[in-house]
2 protein chains.
Amino acid sequence: MQSFQDLIAQFSQHFNQQHFPEQPRKLYDAASHILGIGGKRIRPVLCLMGNELFDALRPDALEVGSAIELFHNFTLVHDDIMDKAPLRRGKPTVHKVYGDPAAILAGDVMLINVYERLNKVQAHYKQKIISVFNKAAIEVCEGQQLDMDFESVDPETVQYDDYVNMIGLKTSVLLAASLQLGAIIGGAGEGNQQHLYNFGKNVGIAFQIQDDYLDAFGDPEKFGKQQGGDILVNKKTFLLLKAFELCNAAQKAELIRLMETSPANKVERVLELFRACKVDEWAEKEKERFTQLAFQSLDHIAVLSSRKAPLMDLANYLLNRQQ
Amino acid sequence: MQSFQDLIAQFSQHFNQQHFPEQPRKLYDAASHILGIGGKRIRPVLCLMGNELFDALRPDALEVGSAIELFHNFTLVHDDIMDKAPLRRGKPTVHKVYGDPAAILAGDVMLINVYERLNKVQAHYKQKIISVFNKAAIEVCEGQQLDMDFESVDPETVQYDDYVNMIGLKTSVLLAASLQLGAIIGGAGEGNQQHLYNFGKNVGIAFQIQDDYLDAFGDPEKFGKQQGGDILVNKKTFLLLKAFELCNAAQKAELIRLMETSPANKVERVLELFRACKVDEWAEKEKERFTQLAFQSLDHIAVLSSRKAPLMDLANYLLNRQQ
């Protein structure tokens, strides 16, 4: 059993190689571009950890981890086209460099490559691996559509539960499925697989609440982003949606006016409103609630608690960052 | 063993159903839209015929046929975005009705659904089925990229062999793989699978040459398209590329001028040039050459020739149309 830092290093060594042939050049340069932008490789490492929770690390976990990371990068390429995003991690997005057609096609060929990887796993659990993966993959697409649908509606009309559902699909099910896929490779039974899935899903939601909180209230120097970036673009976040629930009528009217007029001190005044209706306190409690749900699921997994230590470390690392 | 017309009916009955859940509505309406536009369902029927060439029809052939048809429709959705095509079969394309983001995502979710279908086949040949399918799927993407690359270069500089390779990838490998996938389900050996694949690939290229020929020289009333539609938009076709090889310097200069200036009688004058340098005769011979290659491959398949009759009928039907 290895720490998550060790597993990140091990996965990166496996994954950081040439994934595609040379020709047609534009197609495969576009696909390689997104992989070159990098990332924390959290999802494949969750797959390795899911495996190691139940048994020694198997080569299949590296294959499935690679498939998951390719899938995640495929979603980034296509989402960036849909969102017309010019930058990712400070670098130009694939469609900005290669144009929309090559970026669409690069995503497609990456998605097909995902299944080349999944097709390599042992026959006795291949059906289950592809089935669990596909369920998550479809949900990620559904989450992206729901997210785009939300963008065009009035924030007052978004139901909180619908928003949590969307965030769960868009960002958490792939984390959860990564753990479950590793557990399948490690030989876990259905019950343990499900507890681990629930752990991942709730960690993902808690992480998103924290992400929204830090964007608004975090120290911009430590967080590395402009404070209130979400507020500036009227992004629907946990905080904004809950504010509409907690605010009184006058505060609501003020919030809507700030969103519509975007005055120079918009961020400052929205944050004042958030504090006045205690959205900041609510967010800390809500993150804690999902964190507790996650750890309860981890408790239920029937392996020695010492085996769970790396997963607890990773969850604490992800959910206690100040930056 | 059934005629290809019977198999089209049988497949349509299996395939014409609700493929997707209801929500998120926009995503799945977009995906259903392309399936509603219809088509001849030639590829899945090739899969059924590949199966029946070697053994009685198995349910897996209907699953794999459905996967192939979903994949084909996924490529249409994404290609139409890349080509900015407003119409397909006279109906508005998916991105025209639902916008680019939902169309990209609908294609993605269709591609994932392809593998849900493939994941249902019997375990003993699942690895082979997914592997043969993926090879073709990747080649289709590569063909689309090469096609887009060709569009931006001077027609004089395109090598004929490179063009045949591109057409083979873009349009023929999926026909070929459809037959091979059926053959695998029917229990064919590697050699027979390969002969059947080659049959499909060469029929596909012969069909494309015929398609280009009919666009230029066909009876527009029977063909159902505007005569010379390809010529009007300077599309790189078998005829145009070969004309640049067969024409003398004066004819070449005239052809380039016609392409650059698009006079009112452009189609008529390009056709005159094509006839003058005998591109029409060449195309008929070239189609015949690929047809012969196809039938030679069919000859090599080690089953009773009576079993090959439906495939010969289909090839003759596809390659002898006047419309």
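The values are calculated or read from the model by the stated rules, or taken from the named source; none is laboratory data. This one's a predicted model, so the numbers in the text were calculated from it and none came from an experiment. A quick note on method: Cβ atoms are made from the backbone with ideal geometry, for glycine too, and the neighbour counts reach across all protein chains shown.
Here is a yes/no grid of residues against (1) under 29 Å from A:Tyr125 (Cβ atoms); (2) in contact with a Gly (Cβ under 6 Å, 6 or more places away or on another chain); (3) part of a loop (DSSP other than H, G, I, E, B):
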residue: A:Ile8; (1), (2), (3): yes, no, no
residue: A:Ser12; (1), (2), (3): yes, no, no
residue: A:Gln17; (1), (2), (3): yes, no, yes
residue: A:Ala31; (1), (2), (3): yes, no, no
residue: A:Lys40; (1), (2), (3): yes, no, yes
residue: A:Arg43; (1), (2), (3): yes, no, no
residue: A:Cys47; (1), (2), (3): yes, yes, no
residue: A:Gly50; (1), (2), (3): yes, yes, no
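Taking the condition of being farther than 16 Å from B:Thr237 by Cβ and surrounded by fewer than 23 Cβ atoms within 10 Å (Cβ to Cβ), how many residues in the stretch B:202-213 meet it?
Residues flagged as farther than 16 Å from B:Thr237 by Cβ and surrounded by fewer than 23 Cβ atoms within 10 Å (Cβ to Cβ) within the stretch B:202-213 amount to 0.
Among the listed residues A:Gln180, A:Gln210, A:Gln194, which satisfies the condition of being among the polar types (S, T, N, Q) and touching a Phe, Trp or Tyr at 6+ places or on another chain (Cβ under 7 Å)? Break it down into steps so the answer makes sense when it comes.
On the way: A:Gln210 fails: touching a Phe, Trp or Tyr at 6+ places or on another chain (Cβ under 7 Å); A:Gln194 fails: touching a Phe, Trp or Tyr at 6+ places or on another chain (Cβ under 7 Å).
Residue meeting the stated conditions: A:Gln180.
Give the stretch B:64-93 a look and list any residue that's among the hydrophobic types (A, V, I, L, M, F, W, C), over 18 Å from B:Gln145 (Cβ atoms), more than 15 Å from the chain's Cα centre (by Cα) and assigned to a helix (DSSP H, G or I), or say none. If you could, list the steps in order and put the result at the bottom.
Taking the stretch B:64-93 first, the residues among the hydrophobic types (A, V, I, L, M, F, W, C) are B:64, B:67-68, B:70-71, B:74, B:76-77, B:81-82, B:85, B:87.
From what is left, the residues that are over 18 Å from B:Gln145 (Cβ atoms) are B:64, B:67-68, B:70, B:87.
Imposing the further condition that a residue be more than 15 Å from the chain's Cα centre (by Cα) reduces the set to B:64, B:67, B:87.
B:Val64, B:Ala67 - these are the residues of the stretch B:64-93 that are among the hydrophobic types (A, V, I, L, M, F, W, C), over 18 Å from B:Gln145 (Cβ atoms), more than 15 Å from the chain's Cα centre (by Cα) and assigned to a helix (DSSP H, G or I).
Taking only pairs six or more apart or across chains, which ones have beta-carbon atoms under 7 Å, a first residue in the stretch B:71-90 that is of a type in the set (Ser, Thr, Tyr), and a second residue that is in a helix (DSSP H, G or I) and surrounded by 14 or more Cβ atoms within 10 Å (Cβ to Cβ)?
Once the first residue is of a type in the set (Ser, Thr, Tyr) and sits in the stretch B:71-90, its partners that are in a helix (DSSP H, G or I) and surrounded by 14 or more Cβ atoms within 10 Å (Cβ to Cβ) give B:Thr75/B:Val140.
Against the condition within 17 Å of the chain's Cα centre (by Cα) and in contact (Cβ under 8 Å) with a residue 12 or more places away in the chain, how does A:Ile209 come out, does it pass?
On the way: within 17 Å of the chain's Cα centre (by Cα): yes; in contact (Cβ under 8 Å) with a residue 12 or more places away in the chain: yes.
Here the answer is yes, as A:Ile209 does meet what is asked.
Being more than 25 Å from the chain's Cα centre (by Cα) and surrounded by fewer than 18 Cβ atoms within 10 Å (Cβ to Cβ) is the filter here, so list the residues in the stretch A:274-284 that pass it.
Once the filter is applied, which keeps residues that are more than 25 Å from the chain's Cα centre (by Cα) and surrounded by fewer than 18 Cβ atoms within 10 Å (Cβ to Cβ), the stretch A:274-284 yields A:Arg275, A:Ala276, A:Lys278.
Run down B:Gly143, B:Gly182 and say which single residue is away from every other protein chain (no Cβ under 11 Å) and in a helix (DSSP H, G or I).
Values: B:Gly143 fails: away from every other protein chain (no Cβ under 11 Å).
Criteria check complete, one pass: B:Gly182.
Which of the residues belonging to the stretch A:107-138 are more than 7 Å from chain B (Cβ to nearest Cβ) and surrounded by fewer than 19 Cβ atoms within 10 Å (Cβ to Cβ)? Walk me through it before giving the result.
Residues of the stretch A:107-138 more than 7 Å from chain B (Cβ to nearest Cβ): A:107, A:110, A:113-114, A:117-118, A:120-122, A:124-125, A:128-129, A:132-133, A:135-136.
Answer for the stretch A:107-138, where residues must be more than 7 Å from chain B (Cβ to nearest Cβ) and surrounded by fewer than 19 Cβ atoms within 10 Å (Cβ to Cβ): A:Lys120, A:Gln122, A:His124, A:Tyr125, A:Lys128, A:Lys135.
Can you name every residue in the stretch B:229-255 that is within 14 Å of B:Arg269 (Cβ to Cβ), of a type in the set (D, E, K, R) and within 22 Å of the chain's Cα centre (by Cα)?
Of everything in the stretch B:229-255, nothing turns out to be within 14 Å of B:Arg269 (Cβ to Cβ), of a type in the set (D, E, K, R) and within 22 Å of the chain's Cα centre (by Cα).
Being closer than 28 Å to B:Asp299 by Cβ, under 21 Å from the mean Cα position of the chain (by Cα) and surrounded by 14 or more Cβ atoms within 10 Å (Cβ to Cβ) narrows it down to one residue among B:Ala216, B:Ala176, B:Ala188; which is it? First the steps, then the outcome.
Values: B:Ala216 fails: closer than 28 Å to B:Asp299 by Cβ; B:Ala188 fails: under 21 Å from the mean Cα position of the chain (by Cα).
Just a single option satisfies the conditions, and that option is B:Ala176.
Residue-by-condition table, conditions (1) in a helix (DSSP H, G or I); (2) without any contact (Cβ under 8 Å) to a residue 40 or more places away in the chain; (3) hydroxyl-bearing (Ser, Thr, Tyr); (4) farther than 26 Å from B:Arg117 by Cβ:
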position	(1), (2), (3), (4)
A:His95	yes, yes, no, yes
A:Ile104	yes, yes, no, no
A:Ile112	yes, yes, no, no
A:Asp147	yes, yes, no, yes
A:Ala176	yes, no, no, no
A:Ala188	no, no, no, yes
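Somewhere in the stretch B:29-40, is a residue under 30 Å from B:Ser306 (Cα atoms) and more than 10 Å from chain A (Cβ to nearest Cβ)?
If we filter the stretch B:29-40 for residues that are under 30 Å from B:Ser306 (Cα atoms), which is where we start, we get B:39-40.
Narrowing the set further to residues that are more than 10 Å from chain A (Cβ to nearest Cβ) leaves B:39-40.
Yes, the stretch B:29-40 contains at least one residue that is under 30 Å from B:Ser306 (Cα atoms) and more than 10 Å from chain A (Cβ to nearest Cβ).
I need the full set of residues from the stretch B:298-323 which are more than 13 Å from B:Phe207 (Cα to Cα) and either of a type in the set (Val, Ile, Thr) or under 19 Å from the mean Cα position of the chain (by Cα) (or both), in order please.
First, the residues of the stretch B:298-323 that are more than 13 Å from B:Phe207 (Cα to Cα): B:298-313.
Matches in the stretch B:298-323: B:Ile301, B:Val303, B:Leu311, B:Met312, B:Asp313.
Taking A:Phe274 and the conditions (1) assigned to a helix (DSSP H, G or I); (2) without any contact (Cβ under 8 Å) to a residue 12 or more places away in the chain; (3) closer than 23 Å to A:Asp147 by Cα, which numbered condition does it fall short on, given that it satisfies the others?
Failing condition for A:Phe274: (2).
Across the stretch A:282-323, what is the total count of residues that are outside any helix (DSSP H, G or I) and either of a type in the set (Asp, Glu) or under 30 Å from A:Phe244 (Cβ atoms) (or both)?
So in the stretch A:282-323, the residues outside any helix (DSSP H, G or I) come out as A:301-304, A:320-323.
From what is left, the residues that are either of a type in the set (Asp, Glu) or under 30 Å from A:Phe244 (Cβ atoms) (or both) are A:320-323.
Looking only at that region, the number is 4.
Could you tell me whether the stretch B:14-33 includes any residue that is more than 30 Å from B:Asp100 (Cβ to Cβ) and over 16 Å from the mean Cα position of the chain (by Cα)?
Kept after step one, since they are more than 30 Å from B:Asp100 (Cβ to Cβ), are these residues of the stretch B:14-33: B:14.
Within this subset, residues satisfying the condition of being over 16 Å from the mean Cα position of the chain (by Cα) are B:14.
Among the residues of the stretch B:14-33, at least one is more than 30 Å from B:Asp100 (Cβ to Cβ) and over 16 Å from the mean Cα position of the chain (by Cα), which makes the answer yes.
Looking only at helices (runs of 4 or more DSSP H) that fall completely inside the stretch B:220-266, which ones have 2 or more residues that are surrounded by 16 or more Cβ atoms within 10 Å (Cβ to Cβ)? First the steps, then the outcome.
Details: elements: B:220-223, B:229-232, B:238-246, B:249-261.
Where helices (runs of 4 or more DSSP H) fall fully within the stretch B:220-266 and carry at least 2 residues being surrounded by 16 or more Cβ atoms within 10 Å (Cβ to Cβ), they are B:229-232, B:238-246, B:249-261.
In this structure, does B:Ser152 turn out to be within 14 Å of chain A (Cβ to nearest Cβ), within 30 Å of A:Ser131 (Cβ to Cβ) and free of Cβ contacts under 8 Å to residues at least 40 places away in the same chain? Before the answer, list the steps.
Details: within 14 Å of chain A (Cβ to nearest Cβ): yes; within 30 Å of A:Ser131 (Cβ to Cβ): no; free of Cβ contacts under 8 Å to residues at least 40 places away in the same chain: yes.
It is false that B:Ser152 is within 14 Å of chain A (Cβ to nearest Cβ), within 30 Å of A:Ser131 (Cβ to Cβ) and free of Cβ contacts under 8 Å to residues at least 40 places away in the same chain.
Any idea how many residues of the stretch B:144-166 are under 16 Å from B:Asn202 (Cβ atoms) and surrounded by 20 or more Cβ atoms within 10 Å (Cβ to Cβ)?
Residues in the stretch B:144-166 being under 16 Å from B:Asn202 (Cβ atoms) and surrounded by 20 or more Cβ atoms within 10 Å (Cβ to Cβ): 2 in total.
Does B:Ala56 qualify as being under 30 Å from A:Lys84 (Cβ atoms) and either in contact (Cβ under 8 Å) with a residue 60 or more places away in the chain or more than 21 Å from the chain's Cα centre (by Cα) (or both)?
On the way: under 30 Å from A:Lys84 (Cβ atoms): no; either in contact (Cβ under 8 Å) with a residue 60 or more places away in the chain or more than 21 Å from the chain's Cα centre (by Cα) (or both): yes.
For B:Ala56, the condition - under 30 Å from A:Lys84 (Cβ atoms) and either in contact (Cβ under 8 Å) with a residue 60 or more places away in the chain or more than 21 Å from the chain's Cα centre (by Cα) (or both) - is not met.
Consider the stretch A:65-106. How many of its residues are away from every other protein chain (no Cβ under 13 Å), of a type in the set (A, V, I, L, M, F, W, C) and surrounded by fewer than 21 Cβ atoms within 10 Å (Cβ to Cβ)?
Residues that pass the stated criteria total 2.
State whether one or more residues within the stretch B:55-63 are outside any helix (DSSP H, G or I), within 10 Å of chain A (Cβ to nearest Cβ) and over 16 Å from B:Ala31 (Cβ atoms).
Initially, the stretch B:55-63 is screened for residues outside any helix (DSSP H, G or I), giving B:55-58.
Filter again for within 10 Å of chain A (Cβ to nearest Cβ), leaving none.
No, because not a single residue in the stretch B:55-63 is outside any helix (DSSP H, G or I), within 10 Å of chain A (Cβ to nearest Cβ) and over 16 Å from B:Ala31 (Cβ atoms).
Taking the criterion of being away from chain A (no Cβ under 14 Å), buried (at least 21 other Cβ atoms within 10 Å of the Cβ), in contact with a helix residue (DSSP H, G or I) (Cβ under 6 Å, 6 or more places away or on another chain) and at pLDDT 95 or above, would at least one residue in the stretch B:17-28 satisfy it?
No - not one qualifying residue is present in the stretch B:17-28.
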